[in-house]
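Where a number appears in this text, it was derived from the coordinates with a stated rule and is not lab data. Keep in mind the model is a prediction, meaning the values are calculated, not measured. Methodologically, a virtual Cβ is constructed for each residue, glycine included, from the backbone with ideal geometry; neighbour enumeration extends over all protein chains shown.
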Amino acid sequence: MQEQTSTDYPSVVIGPQEWMGSNLQVTHYRNGDLIRQVNDIREWRNSTTGSMCWYEGESQHGHVFGCLYNWYAVNDPRGLAPEGWRVPEDKDWQDLVDFLGGSDLAGGALKHSSSNHWKRPNAGASNSSGFSAMPGGFRSLYGDFDHLGCYGYYWSSTPYGKNCAWIRVLGYFDSKVLHTGGAVECGYSVRCIKC
C-alpha cells in the first residue's frame with residue numbers, strides 16, 4: 001500500500017471543525033520513522049511501543065477501513081497524524097457529537113450510509129455530516145480481531161485512567177455514539193482533525 005500524505009486525505013468541515021474524510025492509514029510517523037507493523041498475535045499482545053496493523057493483516061482492508069493503531073502509536077511524540085493534522089482530543093469528539101445533536105443521534109449523521117460496508121440495518125445512517133465513518137472493527141489487547149463491518153472504534157489523544165484512553169464507538173444497530181475507555185494495547189481506527 002502506498003503511503004498517503006496530508007494532501008491525499010479528503011476533508012470535511014462540520015461546524016467549526018475540519019476532519020479527515022476517511023480513516024488514517026499511515027505507516028510512518030510524521031518525522032518519517034516507520035511505525036512497527038505487527039501481525040503476530042503474541043507480538044501484538046506483548047507490545048508496549050507504537051504499533052499498527054490492517055484488519056487480520058490484510059492490506060486491502062486499509063483502502064476502505066484504514067489502519068488499526070494502538071495508543072502507543074497515537075501518543076508517540078514523533079506524531080502519528082500527517083503534517084497539518086492531529087489526533088483529536090476527547091473534547092474535539094464531544095464538540096463534534098454535540099454539534100450533530102448529541103450522543104443519541106450523532107452516529108447517524110457520522111456513519112457512511114452504504115450497506116456495502118456496514119452490516120444491516122445500519123440504523124439511522126444518513127452521513128449528513130459527510131464524515132463517512134467506517135466500521136473498521138478492532139484488535140483486542142490479546143491480538144485477536146473482531147467487529148469488522150459492525151462497529152467503528154475511534155481513538156482520542158486523551159488518557160483515561162492508568163492504562164486506557166477515551167474512545168468513541170459507532171455501531172450498526174443504532175444512531176448512538178458511545179463514549180468509553182479503551183485499553184492502550186488495543187488497535188482502533190484514527191480520524192484526524194485539522195490543526
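Points to keep in mind about this one:
- The label-point distance for C195 and V13, in a model that sets each label 7 Å from Cα toward Cβ, rounds to 2.1 nm.
- Order of C195, C186, C67, C150 under a 10 Å beta carbon neighbour criterion, fewest first: C195, C150, C186, C67
- Under a 5 Å amide H cut-off, with hydrogens placed 1.01 Å from N, I14 pairs with W19 among residues at least 5 apart or on other chains.
- Backbone phi angles across segment 145-157, fed through the Karplus curve with coefficients 6.51, -1.76 and 1.60 (θ = phi - 60°), yield HN-Hα couplings of 10, 7, 6, 4, x, 10, 9, x, 10, 10, 5, 10, 8 Hz in residue order; Gly and Pro are listed as x.
- Packing around the peptides 115-126, 52-63, taken as the average count of other Cβ atoms within 10 Å per residue, puts them in this order, highest first: 52-63, 115-126.
- The chain - percent relative contact order, Cα under 8 Å, separation 6 or more: 25 percent
- The ranking of R42, R191 by Cβ neighbour count inside 10 Å, starting from the fewest, reads R42, R191.
- For P(r) over Cα pairs in 5 Å bins from 0, in percent, the candidate list reads (i) 1, 8, 15, 19, 18, 13, 8, 6, 5, 4, 2, 1, 0; (ii) 1, 7, 15, 19, 19, 16, 12, 6, 3, 0, 0; (iii) 1, 9, 18, 22, 22, 17, 8, 2, 0; the entry that matches the value derived from this model is (iii).
- For segment 52-67, 3J(HN,Hα) per residue [Karplus equation, 6.51 cos²θ - 1.76 cosθ + 1.60, θ = phi - 60°, Hz, x = Gly/Pro]: 9, 7, 9, 4, 6, x, 9, 5, 5, 5, x, 5, 9, 9, x, 8
- For S51, residues with placed amide H under 5 Å, excluding near neighbours: N70, Y72, A73
- On Cα atoms only, tilt of 90-99 relative to the major axis of the chain in degrees: 20 degrees
- Highest average packing first - 71-80, 103-112, Cβ atoms within 10 Å: 103-112, 71-80
- In order through segment 119-124: 3J(HN,Hα) via Karplus (6.51 cos²θ - 1.76 cosθ + 1.60), integer Hz, x for Gly, Pro: 4, 6, x, 6, 3, x
- Cut-off 11 Å between beta-carbons: net charge of the residues surrounding W44, Lys and Arg +1, Asp and Glu -1: 0
- Other-chain or far-sequence residues with amide H under 5 Å of L148's (modelled H): F138
- With each label modelled as a point 7 angstrom along the Cα→C-beta vector, the D40-D104 pair spans 4.9 nm.
- Taken about its Cα centre, the chain carries a charge dipole of about 160 debye when Lys and Arg each add +1 at the Cβ and Asp and Glu each add -1 at the Cβ.
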